[in-house]
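Worksheet: one structure, shown below.
The values are calculated or read from the model by the stated rules, or taken from the named source; none is laboratory data. Small disclaimer: the values here were computed from a predicted structure and weren't measured. Here the Cβ positions follow ideal geometry from the backbone for every residue, glycine too, while neighbour counts run over all protein chains shown. All accessible areas refer to the heavy atoms of the entire protein, side chains included, with ligands and DNA or RNA removed. Shrake-Rupley method; radii C 1.70, N 1.55, O 1.52, S 1.80 Å.
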Amino acid sequence: MFLVLENVVKRFPPRGGASEVTAVNGVSLSIEKGELVTLLGPSGCGKTTTLRLIGGFEVLTSGRILLDGVGIDNLPPHKRGMSMVFQSYAIFPHLNVFENIAYGLHVQKVPEPEVKRRVGKVLELVNLVGYENRAPNQLSGGQQQRVALARALVMEPKVLLLDEPLSNLDAKLREQMRSEIRRIQQELGITSVYVTHDQIEAMTLSDHIVVMNQGIIEQIGTPEEIYRHPSSQFVANFIGRANFIPAKAKSVQGGEAVVECFGKEFRVSAKAGVTPGTMGVLVLRPEMIWISEREGVFKGVVKRSVYLGNAIEYEVAVDGASLIVMDTNPRRMKLYPPGTSVTLDAYMDLAHFLLA
Amino acid sequence: MLAVKRRLQEFSLIGRDPVLALSLIISALFLFAFIVFPIAQTVWSGFFNKEGQFSLTYFARYFDSYYGPVSRQIFLDTLTMGVLTAAGGTLLGFIFAYTIVRCRVPGKNFLHILALVPTVSPPFAIALSTILLFGRNGLVTKGILNMSFPPGSNDVYGMDGLVSVQIITFFSVAYLILRAMLERLDPSMEEAARSMGAGKAHIFRTVTLPLLIPGIAGSFLLLFVEALADLGNPLFIAGNVTVLSAQIFLAIAGEYDYQKASALAFVLLIPTLVVFLVQRYYVSRRSYISVTGKPTGGLIEEKEGWIRWPFIIVTYLVSGLIVILYLAIIYGSFSKAWGIDYSFSLEWWKQMFARGIESILDTTFLSILATPIAVLLGMIVAFLVVRKQFSGKQALDFTSNLGGAVPGTILGIGFVLAFSTPPWFLVIFMYVVLFLFTLGILKATFWEKVATGIVGTLLGAGFFVVGARIGQVLLTYLISILSLGFGVYLLFTRPKKKNGVKLVLFGVYGALHTLIEYVAQPLMRAANAIPEGTWKNAATQFPDYIQVFFKLPHAILGCVLIILIVTIALQERTSFRRVLIPLFLGGSFALIFGGKPMALVGTPYIILAAFAVRSLPASVRSGVASLQQIDPSIEEASAIMGADAQYTFRKVTLPLIMPAILAGLIFSFTRHMTSLSAIIFLVSAKWRIVTASILSEWEQGGISMAAAYSTIIIVFVLIAIGILYLVSGKMLKRRGGIDITWGA
């Protein structure tokens, strides 16, 4: 319970013709010391606003934010002991790399030898030794990003905030920096809040993911919890791909349920609070279905087949609906062309039942 | 209720950063005191006669049978002049812009500079040189063409001459706006039209022109306002035509009738304010071309010869005319008797230095002194407007622009009306605002604040009574000694010396308020000992200049004290604060209300305020433009690394807006040196301004003297521009130079 948000609400007053906007609508979460939590969601879901509220760049409309048990709502950004890596890096164009990183230390009037030591250490950490005297406009995007990170880390912050720091980088660099950031974060043990709309980033980096939509939290959980047991269709659709199959709950027991769909009954995992007799959907991930030469669960016709290299993706029409099937077995690499009638088998016990 | 709560919350946000709150208070007070209040005074006075009774006399004159026709004619002529100048100026500006951006014309930079020359010269320079060349005794009209002008014939005086002169004087504004727009017009739009089969004329009509309409409309409206506000040119060259600005001037200079002047000023204010609002809030919002966009429009080239050549020819002709006009001024100042004897003579320059050196020195000194004030204030307002959200932000922005948008005569009249005698309303308002601000910003319980307030007021009354007894001079010494005492105490007892130093410095400054005379008087005696002539006249100014730095009006000194105390109190322990604040609130009360608070007419301070008010919009605009180009996350990055607003401003924002500041310095200085209408009523025997001197020389027929004065203003401005370009070139070598068009 290191960083706690209690029922945080942020409303923006109507300005310039637009009406009032509730960007964050009752967000509560609790982050442990040393963990990296990602706020994940589509544009406009409130994740960046939440981050800015934590950092102090916006003022709460209502609710509380506590750091180590102490309320920090009334503190301006420069008194919160946090650091932030901005999406645009926000490197000071008129200072060189060393001066950029040392900026916060100079504000605190840290003696110069100490400054040199700490900046040197953090430059090593981000692999930019030797770049001290470069001007920002002489740096590549990835290098600028590492300067921004170094600048945040050298402050030894209580909380590190990152606002989509990788979105301006190309794909390969993004992958590289992703693991760098995670490695450094774990090595230093800094509590971090990371904002992104990229689910792969979220899955790779996070101890916990907070999925947000339209100002509220849809689900908080580990990457596996979110993927395997999404709590809503939104979450299921946002992380990975999902097939939604209409089904009816027959009986519920603990975290499992017996459901009926396509005329058959299956035992699947289920969200708590499902009552028997309710209609819902089964979340079935594409990689849990494959085309079977023998018996199967569904029968359908192939509409589309795409060879991806590491898998084959099919769209199969089953009973009026379309199921996405991802065949990843390197052995079973037979490409069924569109129009073929096929039988689909699936790991139905891995399906997850949600209310509609 | 919720709205009020939200507003208070907003202000408490700013209160989190006291330095920011202080900047807001200082700029808001300045704007209120020197823009809103004087303009309100002007408007108000048009409705009351000398006895103080409500009177619509001068408004009724528009409708009666005796005064009516003349009054209406003046109004009509004013509007006609405005429309013609706006139309002509916009057209000329467009031709220049089109030529420079799209026609491959040799000497682009030369033409660009020439187009801007009218902005750095006194407002009536063109009128002066037009008369020199084309007047009744003009070099061209009489000397070369040997024309004569019997009464009734069409000479250069009158509406035609006035509009022509105004077009040349003001077209630069249109040129800059339209050039910027043409440069940012995305070539792909015209290419897309071409690829759909549209011909050149069709593209121009349906694509280019509509995209430029906001620029054209904006220029038209701006030029209209400039023409209406113009005082110098109509006085020189309008002949039998009278326009409102001249009528207002004559109402005071000739008739001493402030009610009439104010009423007429109100009539002038309406169209200028309406047009200003339309231009700012309607036209400029509808721009389809981004001001901060990339200048790729220069890639479009005008290839049709039949368009290119006329444009180039007109542009060069007008440029040539501008060169000749300015050469005429310079030559006019050096010719023995213009119109009769054109031989070279230094006579006029000698006379100017002998008689006018005080005027020249006063103007230059005050212009220089007002420049950092205007630029600093402009940057503060720009920062508040761009980076902060608070109720009344629009009002702050609008008011800062108002100072330059209203015709200067209206401000000038307002200053005289407001500051000839102590403006008690304003003084009380200022004190109350600062008083409430002081109590509000401190963290204390409600009752503590009330108690502090009451004690402060009582002490204030006490000091005031004491001050009435012992006189302002001794009172100032008393408060200075108190300040010194506390300052020394703080220096010895606190680890951080800053606050002690502040109080000590204030104490010393307060003491110098009177003590400086012991420096000034011997200097003055020494200066008086110099034999009669230019050097004596020059030397006797300097003791006065030294005193300007120290003889701040007591009311302003009091306000400074309150602000100083607030900055100190915020860092001090509660027990000490309980003594500090009431004591010095009381002291400032006595300083502010004693004597003749804010009766600034006749002092150099009112001229400084007038200068600053007039050049403020340019600084604000260039500050806003450059701040908008800085990513806000840069300042947020600084904040989250522990820097408060002040540190961020000093170490991050300031270096990045330095180009805009330098541009602002150039513009402000230029504007100060060439001001006429705002300061014409503020000059006194002790503080003289060159532009006003030119006017009086001209009235006495000393056209060559007028030319000499004009030349020297132009020279000083060019020197200043040169120095600033040199300095900025060295400072900003890494980041490219500065653009003089910022702030236009």
Selection count, region B:65-111, where residues are over 30 Å from B:PHE311 (Cβ atoms) and buried (at least 17 other Cβ atoms within 10 Å of the Cβ):
5
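Check region B:243-250 and report whether any residue there is within 30 Å of B:LYS50 (Cβ to Cβ), modelled with pLDDT of 90 or more and β-branched (Val, Ile, Thr). I'd like the intermediate steps shown before the answer.
Residues of region B:243-250 that are within 30 Å of B:LYS50 (Cβ to Cβ), as a first pass: B:243-250.
Retained after the next criterion (residues that are modelled with pLDDT of 90 or more): B:243-250.
When the remaining residues are screened for being β-branched (Val, Ile, Thr), the result is B:243, B:248.
Checking region B:243-250: at least one residue is within 30 Å of B:LYS50 (Cβ to Cβ), modelled with pLDDT of 90 or more and β-branched (Val, Ile, Thr).
Regarding region A:30-42, can at least one residue be identified that is in contact (Cβ under 8 Å) with a residue 60 or more places away in the chain and within 14 Å of chain B (Cβ to nearest Cβ)? Please lay out each step first, then the result.
Pass one, region A:30-42, residues in contact (Cβ under 8 Å) with a residue 60 or more places away in the chain: A:31-42.
This time we only want the ones that are within 14 Å of chain B (Cβ to nearest Cβ), so: none.
The answer is no, given that none of the residues of region A:30-42 is in contact (Cβ under 8 Å) with a residue 60 or more places away in the chain and within 14 Å of chain B (Cβ to nearest Cβ).
Test B:ALA637 against the stated conditions and say whether it is buried (at least 24 other Cβ atoms within 10 Å of the Cβ), in a helix (DSSP H, G or I), within 14 Å of chain A (Cβ to nearest Cβ) and not hydroxyl-bearing (Ser, Thr, Tyr).
Numbers: buried (at least 24 other Cβ atoms within 10 Å of the Cβ): yes; in a helix (DSSP H, G or I): yes; within 14 Å of chain A (Cβ to nearest Cβ): yes; not hydroxyl-bearing (Ser, Thr, Tyr): yes.
In short, yes.
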So in region B:590-607, with the set limited to residues that are crowded, with 24+ Cβ neighbours inside 10 Å and assigned to a helix (DSSP H, G or I), which one is farthest from the other protein chains (Cβ to nearest Cβ)?
B:ILE606
Selection count where residues are open to solvent by 10 Å² or more (accessible area, probe 1.4 Å) and under 31 Å from the mean Cα position of the chain (by Cα), scope region B:210-229
11
Can you confirm whether A:ARG146 is under 26 Å from A:THR49 (Cα atoms) and of a type in the set (Lys, Arg)?
yes
Could you check how many residues of region A:189-206 are touching a residue at least 12 places away in the same chain (Cβ under 8 Å) and either surrounded by fewer than 15 Cβ atoms within 10 Å (Cβ to Cβ) or among the basic types (Lys, Arg) (or both)?
1
Residues (facing another protein chain (nearest Cβ under 10 Å), open to solvent by 30 Å² or more (accessible area, probe 1.4 Å) and in contact with an Asp or Glu (Cβ under 9 Å, 6 or more places away or on another chain)) located in region A:100-141:
A:HIS106
Set A:ALA247, A:ALA257: member being over 23 Å from the mean Cα position of the chain (by Cα), closer than 13 Å to A:PHE353 by Cβ and modelled with pLDDT of 85 or more:
A:ALA247
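Restricting the search to region B:618-634, which residues are open to solvent by 10 Å² or more (accessible area, probe 1.4 Å) and in a helix (DSSP H, G or I)?
Of everything in region B:618-634, those that are open to solvent by 10 Å² or more (accessible area, probe 1.4 Å) and in a helix (DSSP H, G or I) turn out to be B:ALA618, B:ARG621, B:VAL624, B:ALA625, B:SER626, B:GLN628, B:PRO632, B:SER633, B:ILE634.
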Give region B:61-89 a look and list any residue that's charged (D, E, K, R) and closer than 17 Å to B:ALA263 by Cα, or say none.
B:ARG61, B:ASP64, B:ARG72
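If I filter region B:179-209 down to residues being surrounded by fewer than 24 Cβ atoms within 10 Å (Cβ to Cβ) and touching a residue at least 60 places away in the same chain (Cβ under 8 Å), which single residue comes out as nearest to B:LEU235 (Cα to Cα)? Spell out the reasoning first.
To start, the set of residues in region B:179-209 that are surrounded by fewer than 24 Cβ atoms within 10 Å (Cβ to Cβ) comprises B:180, B:182-184, B:186-209.
Now restrict to residues that are touching a residue at least 60 places away in the same chain (Cβ under 8 Å): B:180, B:182-184, B:186-187, B:190, B:200.
Working: B:ALA180: 33, B:LEU182: 36, B:GLU183: 37, B:ARG184: 39, B:ASP186: 44, B:PRO187: 45, B:GLU190: 46, B:LYS200: 45 Å.
Top of the filtered list is B:ALA180.
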Just to be sure I understand, how many residues within region A:127-174 are assigned to a loop (DSSP other than H, G, I, E, B), of a type in the set (A, V, I, L, M, F, W, C) and closer than 28 Å to A:GLU114 by Cβ?
6
Does region B:623-634 hold any residues that are within 7 Å of chain A (Cβ to nearest Cβ) and either within 20 Å of B:LEU377 (Cβ to Cβ) or of a type in the set (Gly, Ala, Ser) (or both), and which are they?
B:SER633
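So which residues in region B:214-252 are free of Cβ contacts under 8 Å to residues at least 24 places away in the same chain and either at positive phi or out of contact with any Leu (no Cβ under 8 Å at 6 or more places or on another chain) (or both)? Steps first, please.
Of region B:214-252, the ones free of Cβ contacts under 8 Å to residues at least 24 places away in the same chain are B:246, B:250-251.
If the condition is that a residue be free of Cβ contacts under 8 Å to residues at least 24 places away in the same chain and either at positive phi or out of contact with any Leu (no Cβ under 8 Å at 6 or more places or on another chain) (or both), then B:LEU250 is the only one that fits.
Counting just the residues of region A:142-173 that are at pLDDT below 90 and out of contact with any helix residue (DSSP H, G or I) (no Cβ under 7 Å at 6 or more places or on another chain), which one comes out nearest to the other protein chains (Cβ to nearest Cβ)?
If we filter region A:142-173 for residues that are at pLDDT below 90, which is where we start, we get A:142, A:167-173.
If we keep only those that are out of contact with any helix residue (DSSP H, G or I) (no Cβ under 7 Å at 6 or more places or on another chain) as well, we get A:167, A:170-172.
On the way: A:SER167: 14, A:ASP170: 21, A:ALA171: 24, A:LYS172: 25 Å.
So, considering only residues that are at pLDDT below 90 and out of contact with any helix residue (DSSP H, G or I) (no Cβ under 7 Å at 6 or more places or on another chain), the one nearest to the other protein chains (Cβ to nearest Cβ) is A:SER167.
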Leading residue by the ranking (nearest to A:VAL342 (Cα to Cα)) among those in region A:288-306 that are in contact with a Lys or Arg (Cβ under 9 Å, 6 or more places away or on another chain) and outside any strand (DSSP E or B)
A:GLU293
Mind counting the residues in region A:57-98 that are in contact with a Gly (Cβ under 9 Å, 6 or more places away or on another chain), assigned to a loop (DSSP other than H, G, I, E, B) and more than 7 Å from every other protein chain (Cβ to nearest Cβ)?
6
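When you scan region B:15-31, do you find a residue that is of a type in the set (D, E, K, R), open to solvent by less than 60 Å² (accessible area, probe 1.4 Å) and under 20 Å from B:LYS393 (Cα atoms), even just one?
We begin by selecting, within region B:15-31, every residue of a type in the set (D, E, K, R); these are B:16-17.
With the extra rule that they be open to solvent by less than 60 Å² (accessible area, probe 1.4 Å), the set shrinks to B:17.
Retained after the next criterion (residues that are under 20 Å from B:LYS393 (Cα atoms)): B:17.
Checking region B:15-31: at least one residue is of a type in the set (D, E, K, R), open to solvent by less than 60 Å² (accessible area, probe 1.4 Å) and under 20 Å from B:LYS393 (Cα atoms).
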Would you check if there is a residue in region B:146-160 being open to solvent by less than 10 Å² (accessible area, probe 1.4 Å) and polar (S, T, N, Q)?
no
